[in-house]
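The values are calculated or read from the model by the stated rules, or taken from the named source; none is laboratory data. Keep in mind the model is a prediction, meaning the values are calculated, not measured. Here Cβ is always computed from backbone atoms with ideal geometry, including for glycine, and neighbour counts include all displayed protein chains.
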Amino acid sequence: MSLKKLVRKFIKSWNQHQHYKNWHLKDHYSNIEGKLKKQLIDKGFYPSDSIIYDFEKHGFDAFLNQRDYKILNHLNGVTSQLIDNKAFLPIILQSIPEFLPEFFAFVSNGNPKFTRGDNSSSNNLDKILNNALSKHKKIIIKPTSDFGGNNILVVDKENIDQGIQKIKKGNYVINNYLENEDFIKAIHPGSLNTFRVVFFKNKLGKNEILMIAHRFGSSLSKSVDNISQGGLACSIDLETGRFSKACSYVNPSFIGWYDKHMESGAKIEGVSAPNWKKTKEDIQKIVDTLDFIEFAGLDLAFTTQGLKVIEINSKPQAQLMQVSGPALINQDFKDFIYSKGYNPKRKA
């Protein structure tokens, strides 16, 4: 074996060792101590997982654990790099543009590289943004490869200069700002509240929906809805479109499960998405379009302009994925994730 290969093998082993040594330090909530904390970490779970998962009912083995899931890489091969880059979303979904935001731009170091929904045909960044604001009033700027609601900026006429400065360095996508449908906006009007659809390729070679979870923002998460930023999430019943109670595990003022939004007081549990049969058909249509993907989390929103795709994640987060219950009780999914190298018998 060449020296170069030995070095690569050593680095891979070292990184794996460091992952197993420190993985649990990334937990968002640390107010769980003692025997329970040690037991959870030994089993590969974050202590905060005990807030979300019903271990008494299902046991540990039914849940995808953090330690051994996080180490899995390239579940979609080289395609992961494509789907994790928001700049490629209009290309990936070009056959179903009705599910995309009306305006889209990809900007690299201040230079527009691609626009959709801009009738000016201009290559001038200031003009493109001003045209978008004239039509849509607000736009949203996001890094192409960041997740978790990080580094997002909502721009209007008042702070357009800030927006232009932000995108002069790095790679960003820009969309028209989307507003939630009234039944979602009533629950939390301060953010675009989105829902996550996790799907995988089953034994028949078809993309199967594993679960759907809806997120809602809070005063802690501010303009985003991410649960890891302090938002909360409920599951959506696949058959009925009915919302469950919602879980919050990051906001220290609100830890646990809630039938109403803890700040707005609006009902969550029991709310049903309207026209669910048609919505579910549309979701499946989008998932079927992504037939080159084996596993992903698809983020969508109920908006005033209809159902819209926000982004795709090649490796959806385990906690949100299991708000509705343990992922591994689905035998097809269990077989799939084990085939990708998931091995819960590993020891930290």
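Exactly one residue out of Leu300, Leu320 is crowded, with 20+ Cβ neighbours inside 10 Å, within 14 Å of the chain's Cα centre (by Cα) and more than 20 Å from Asn73 (Cα to Cα), and it is Leu300. Here Lys168 clears all of (1) touching a residue at least 12 places away in the same chain (Cβ under 8 Å); (2) within 25 Å of Gly230 (Cα to Cα); (3) not acidic (Asp, Glu) except the condition numbered (2). Total residues in segment 234-293 satisfying the condition of being closer than 14 Å to Ile187 by Cα and of a type in the set (A, V, I, L, M): the figure is 6.
Can you say whether Asp182 is over 18 Å from the mean Cα position of the chain (by Cα), among the acidic types (Asp, Glu) and surrounded by fewer than 13 Cβ atoms within 10 Å (Cβ to Cβ), as far as the supplied structure shows? So Asp182 fits the description; yes. Put simply, of Ile312, Ile286, Ile293 the only residue that is crowded, with 19+ Cβ neighbours inside 10 Å, of a type in the set (A, V, I, L, M, F, W, C) and more than 30 Å from Gly44 (Cα to Cα) is Ile286. Within segment 271-287, not a single residue is at positive phi and in contact with a helix residue (DSSP H, G or I) (Cβ under 8 Å, 6 or more places away or on another chain).
Filtered by the rule that a residue be crowded, with 18+ Cβ neighbours inside 10 Å and out of contact with any helix residue (DSSP H, G or I) (no Cβ under 8 Å at 6 or more places or on another chain), segment 56-84 gives Asp68, Leu75, Ser80, Asp84. Return a yes/no flag: does segment 201-211 have any residue that is outside the structural domain of Asp146 (by TED's automatic domain parsing), basic (Lys, Arg) and in a loop (DSSP other than H, G, I, E, B). Yes.
Output the strands (runs of 3 or more DSSP E) that fall wholly within segment 223-284 and possess 2 or more residues being of a type outside the set (Phe, Trp, Tyr) and either modelled with pLDDT of 90 or more or not assigned by TED's automatic domain parsing to the domain that holds Leu298 (or both), or say none. Of the strands (runs of 3 or more DSSP E) lying wholly inside segment 223-284, those with at least 2 residues that are of a type outside the set (Phe, Trp, Tyr) and either modelled with pLDDT of 90 or more or not assigned by TED's automatic domain parsing to the domain that holds Leu298 (or both) span 232-236, 243-248. Filtering segment 211-234 to residues that are surrounded by fewer than 23 Cβ atoms within 10 Å (Cβ to Cβ) and over 14 Å from the mean Cα position of the chain (by Cα) leaves Ser219, Leu220, Lys222, Ser223. Figure legend. Inter-residue proximity from segment 285-298: first residues over 15 Å from Val198 (Cβ atoms), second residues assigned to a helix (DSSP H, G or I), beta-carbon distance below 7 Å, spacing 6+ or different chains. Indicated pairs: Phe292/Thr79. Checked against (1) among the basic types (Lys, Arg); (2) out of contact with any Phe, Trp or Tyr (no Cβ under 8 Å at 6 or more places or on another chain); (3) in contact (Cβ under 8 Å) with a residue 12 or more places away in the chain, Arg215 passes all but condition (2). Entry remark, segment 323-348: residues being in a helix (DSSP H, G or I), surrounded by fewer than 20 Cβ atoms within 10 Å (Cβ to Cβ) and of a type in the set (Phe, Trp, Tyr) number 1 in total.
Got at least one residue in segment 161-168 being basic (Lys, Arg), touching a Phe, Trp or Tyr at 6+ places or on another chain (Cβ under 9 Å) and within 30 Å of Glu281 (Cβ to Cβ)? There is no residue in segment 161-168 that is basic (Lys, Arg), touching a Phe, Trp or Tyr at 6+ places or on another chain (Cβ under 9 Å) and within 30 Å of Glu281 (Cβ to Cβ). With the condition kept exactly as written, say whether any residue in segment 146-157 is crowded, with 21+ Cβ neighbours inside 10 Å and either closer than 25 Å to Gly230 by Cα or not aromatic (Phe, Trp, Tyr) (or both). Yes: one or more hits.
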